[in-house]
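No value in this document is a laboratory result; all are computed from the given coordinates. Keep in mind that this is a model prediction, so the values were computed, not measured. All Cβ positions, glycine included, derive from the backbone under ideal geometry; neighbour counts span all protein chains shown.
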Amino acid sequence: MSPFIAEVIGTAALILLGNGVVANVVLKDTKGNNGGWIVITTGWALAVFTGVIIAGDVSGAHLNPAVTLGLAFSGQFPWENVPSYIAAELIGAMIGAFLVWIFYRDHFNRTDDPGAKQACFCTAPAIDNKVNNLISEIIGTFVLLFVIFNIKGNGTLNDTPVGLGSLGAIPVAFLIWVIGLALGGTTGYAINPARDLGPRIIHALIPLKNKAGNNWSYSWVPVAGPIIGAAIAALLYCFLQNA
């Protein structure tokens, strides 16, 4: 596989399983209906684990434009590769979201709640306060990137390529899990622009019955917040390294 294809497939698997666990919990008549937040956060952690396993050896398994940009900001990833990685991550996220719709199509048709259907694709704030929502996404993504930088800085990566894949799948899964458990209650912890924007586009395009709006007025928050958080983490890490 090329790095581009690895990022597409890895991100598609991430979204298929991550949004898939949301669908299993919130859609009507599924086996996992009403499984709760612990099921969702655990499922997302293991979804990241799966994506890292798929793409890690080829692309570094960024699976997230915030990771790609954070590594570039810190000088650990070439800027010329950033556009292709972000494109691959967005395409993969759209593919994964489409597969969730195909997989759970009968349950989407049985579910009356438009918000529950939308939740299977993209995030939404628990309380609509865009300033606080943006801060939540900034902090959550800062934690993600700062931990990644520090694991690398502690020498645990040896000579492996820089990226999520080089960290090893299990530490990353635990990191995503604790971010979801501790910091996911305000916005649903997108911490990944492609994870939110790609599925939101698919939600807008597919023929769902009784579909909610796409909340485009909010959609910039889970894009801008993670990018800002990644930049702050990169700048702080570089400053501390040079202090």
Seminar exercise, completed: Placing each pseudo-label 7 Å from Cα in the direction of the beta carbon, VAL39 and ASP113 end up separated by a distance in nanometres of 1.2 nm
Problem set entry | Percentage relative contact order, the chain, counting C-alpha pairs under 8 Å, at least six apart | 30 percent
Exercise. So, by mean Cβ neighbours within 10 angstrom, what's the order for 83-89, 48-54, 59-65 with the highest one leading?
Worked result: 59-65, 48-54, 83-89
For this session: Take a quick pass over the chain and tell me how many lysine pairs come in under 28 angstrom between Cα atoms, counting only ones 8 or more apart or on separate chains.
Result: 10
Exercise. Under the rule of -39500 (n - 2.57) per DSSP H run of 4 or more residues, summed and divided by the residues of the chain, what mean residue ellipticity at 222 nm is obtained, to the nearest 500 deg cm²/dmol?
Worked result: -23000 deg cm²/dmol
